[in-house]
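Data block below; observations after.
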Amino acid sequence: MPVPPSSAAQPAQLWPPQNGVTVDVETLRGLAERMLVTRVLDTEAVRWQRQGILPAFPPAIGQEAAQVGSAMALDRARDMAFITYRDHGVVVGLDSDLTDYMGSHLALWNGGFADPNKVRHSPLQAVVGATALHAMGWAYAQKLDGTGGAAIAYFGDGASSQGDVHEAMNFAAVSKSPVVFFVQNNGWSLSTPLDLQVAGGSVAARASGYSMPSMRIDGDDVGEVYAATQIALEHAREHGPVVIEAFTYRRGPHATSDDPSRYRSLEEERALGPDPIDVARQLVADEAWWAEAEQRAEQAVDAVRVQMQSPRTIDGNDMFDYVFQEKTPQLVKQQEQWREETDLD
Amino acid sequence: MTEQLSTQKAINTALREILADDAKSLVFGEDVGKLGGVFRVTDGLQTEFGAHRVIDTPLAESGILGMAAGLAMAGHRPIPEVQFDGFAYPAMNQIISQIARTNYRSRGATPMQMVLRIPSYGGIRAPELHGESIEATLAHVPGLKVVSPSNPHQAYHLLRRAHEMPDPVMFMEPKSRYWNRGDVDFENPGDLEGSLVAREGEDLTIIAWGAMVARSLEVAELAAEDDVSIEVVDARWLKPLDEDGLVASVAKTGRAVIVHEAPRTAGLGAEIGQLLTERLWGKLEAPVERVTGYDVPTPAGDLEDEYIPSIDRILFGVQRSLEY
Amino acid sequence: MAERSFPLPDLGEGLIEATILEWLVEPGQWVERNTPLVEVETTKSAVELPSPIAGTVKTTHGEDGDTINVGDTLITFEVADEEAGIVGTVPQEKKKERRVRLSKK
């Protein structure tokens, strides 16, 4: 059979935009303020782990611009973010309650306490890549229901190796579902560097194989991330999926139990470009405002610390009550036995 | 030669020896190379044996197990790792649909000689899907063998034994016991087949595996204070189950309590209970008791103590059996 | 005045101990919350432990090079009476305090 002509249409060129990027001062301040909260939360949470308050924590230091910038581009009335375990900048960017969120890291309740439909982000997720498919399915539902909503799927260079991500990209492109695949390429998947993880070094390069547009952006420039995500979302609503690859760097350990000195050198860490927080500071260009914003961030995170330490009422009953909407008879019996055997005092 | 090692170090030692002795063996998985694994179980192996035999793979569990299948088809003897029990789930397609039945499909021509190492069970306050007990899921699959060591000596020798076996072995390491030390007698493995009596007793048999063996031994110690003599059997091999060994102990004591972290329904406790009923009908002094995890997802850290069988809950199970 | 103790937390996924590399504070010293107290090394990494509270260091437990079990007291602070107790939520093995007694029929 003769080779058919290639039917793959050339994907749209979305980036850089012809007229450049401008983000107004008010928006920049909103972005910077939330980046500061994220940075303070990360810095503090690592200490909380060392102080025995949290059993473990995966800091997102260095990824604030990528996370906050993209999350704030979402329309909270109709969009939804699908996050993994290192996306608290997204949680902050969506103004989702941090104490609810930290419930997961406090080991009170896997997934935390937020209602995804209200806060517009999924519970955090340990199995990276899986959420790309959820985002695709959710986005397809928006298309069916005509809501105009779009999904944004967050994952990293590591997760891009999972089959789920490729399946999601293909499904989304075939069905023209409104989903933005937002890759935070932070150079490291735990101890595995980009060159052992992503052949060719770019996840965005894969988009063309699925006939969808891709954007490679500076993930440490919050203005750029915000503008690019807006463009991607608008394209997704009208035409279907887009890949954004935000280049950034995981400046901290994979998690509090990790020791990066086993696999990367201080020289490498020092050779990085500017800290995204400093980039934002220059964009805002108002030192007085900045100093106040830093203080507000400290206070906001300290309030989280205090709230976290006044324990929630959570007990073993919850363990049984949320397994099903309709509990099985066996589970009812097990719950009764649990009560009998643990209420001894 | 006997040495005091942690379970983590005992497994590391076994892997080092396997890699040195068997040129066809390979160790691979996420972060097992340069980092040495998140529990440092593979520490130093990449430096010693090279990045072509101790491989940091991309983050793709189905890929890791599928690659293992291909290597085994080519006559290599892979020892892949999934970083945590819950990350075996994304690999289940390769484990169940491929690895478990490739020998069958090829009428024995392409055996799947491999050991899949799975840091397993709860007890370390880890996040979701880092504390799963999947032994029943694995044991249910025709074509897989399942083993779970309970201490450093067993871990060292059972891993070496598993590597020699011609079939795929799921090696479930109790991660809450990684750092506990114990004597490893390198020259004298003891019998590595079937179960093992970890403590002798007369009145009742507790059957356990993995981290629950140590806890059951504590229970036996407490029970002795009340003049109750408990025999603790470390099941070790969960597939194939050591039917004769388990039956022999319970035939002696007349009573059995099975302890596992996994959820109760369709857990291995049910399988073992049925075995004991079949073989000891009329000789049991009481119905076989189970003390298990509940039919709930492994809960977050603070609820772990409610979920994992506690000493008290095991004692309750013992008492139910005694007073039947 | 009362005492408040800070037990060694599990610093990484099920570790059972850590070795003291160097004390960074001494008894009698006032520390703020987050002041580095001590550098310890585990099987997985070396880390600095920041103070969980503001207060006066009363006792440091263990010398450089000593190995401390997770859950054992690492440092004791002197605090106002109403602040007595333990800081942190260290996962501790449930006390072996036994509540279920056995009896044969």
From A:ARG29, A:ARG39, A:ARG47, residue being in contact with a strand residue (DSSP E or B) (Cβ under 7 Å, 6 or more places away or on another chain) and outside any loop (DSSP other than H, G, I, E, B)
A:ARG47
It is to be established whether one or more residues within the range C:61-73 are among the hydrophobic types (A, V, I, L, M, F, W, C) and touching a residue at least 60 places away in the same chain (Cβ under 8 Å).
yes
Picking from A:GLY111, A:GLY137, which residue would you name as being surrounded by fewer than 20 Cβ atoms within 10 Å (Cβ to Cβ), in a loop (DSSP other than H, G, I, E, B) and without any contact (Cβ under 8 Å) to a residue 60 or more places away in the chain?
A:GLY111
Looking only at the range B:287-301, which residues are crowded, with 20+ Cβ neighbours inside 10 Å and within 8 Å of another protein chain (Cβ to nearest Cβ)?
B:TYR294, B:ASP295, B:VAL296, B:PRO299, B:ALA300, B:GLY301
Assuming B:ALA14 fulfils every condition listed in (1) of a type in the set (A, V, I, L, M); (2) under 15 Å from B:ARG117 (Cβ atoms); (3) within 14 Å of another protein chain (Cβ to nearest Cβ) apart from one, which condition is it?
(3)
Lone qualifier among A:GLY103, A:GLY93 - being buried (at least 23 other Cβ atoms within 10 Å of the Cβ) and touching a residue at least 24 places away in the same chain (Cβ under 8 Å):
A:GLY93
Given the residues B:ARG181, B:ARG161, B:ARG177, which is the only one that is of a type in the set (D, E, K, R), surrounded by fewer than 24 Cβ atoms within 10 Å (Cβ to Cβ) and closer than 19 Å to B:ARG40 by Cα?
B:ARG181
Would you confirm whether or not the range A:120-127 contains a residue that is outside any loop (DSSP other than H, G, I, E, B) and more than 10 Å from every other protein chain (Cβ to nearest Cβ)?
yes
Test A:VAL243 against the stated conditions and say whether it is closer than 30 Å to B:ALA60 by Cβ and modelled with pLDDT of 95 or more.
yes
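Here's the yes/no breakdown for (1) out of contact with any Phe, Trp or Tyr (no Cβ under 7 Å at 6 or more places or on another chain); (2) within 14 Å of chain B (Cβ to nearest Cβ); (3) surrounded by fewer than 24 Cβ atoms within 10 Å (Cβ to Cβ); (4) among the acidic types (Asp, Glu):
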position: A:GLY149; (1), (2), (3), (4): yes, no, yes, no
position: A:HIS166; (1), (2), (3), (4): yes, yes, yes, no
position: A:VAL179; (1), (2), (3), (4): yes, no, no, no
position: A:PRO193; (1), (2), (3), (4): yes, yes, yes, no
position: A:ALA232; (1), (2), (3), (4): yes, no, no, no
position: A:ALA255; (1), (2), (3), (4): no, yes, yes, no
Considering residues of the range C:55-67 that are of a type outside the set (Ser, Thr, Tyr) and surrounded by fewer than 15 Cβ atoms within 10 Å (Cβ to Cβ) only, the residue farthest from the other protein chains (Cβ to nearest Cβ)
C:GLU63
For C:THR35, are the conditions met, namely being among the β-branched types (Val, Ile, Thr) and without any contact (Cβ under 8 Å) to a residue 40 or more places away in the chain?
yes
From the list A:ARG250, A:ARG237, A:ARG262, which residue is in the same structural domain as A:SER202 (by TED's automatic domain parsing) and modelled with pLDDT under 95?
A:ARG262
From the list A:ALA132, A:ALA172, pick out the single residue that is in a helix (DSSP H, G or I), at pLDDT 95 or above and within 14 Å of chain B (Cβ to nearest Cβ).
A:ALA132
Within the range C:4-54, strands (runs of 3 or more DSSP E) holding 1 or more residues that are at the interface with another protein chain (Cβ under 8 Å from one of its Cβ atoms)
C:17-23, C:46-50
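The values are calculated or read from the model by the stated rules, or taken from the named source; none is laboratory data. This structure is a prediction, so every number in the text was calculated from the model and none was measured. Note that we place each Cβ from the backbone using ideal geometry, even for glycine, and neighbour counts take in every protein chain shown.
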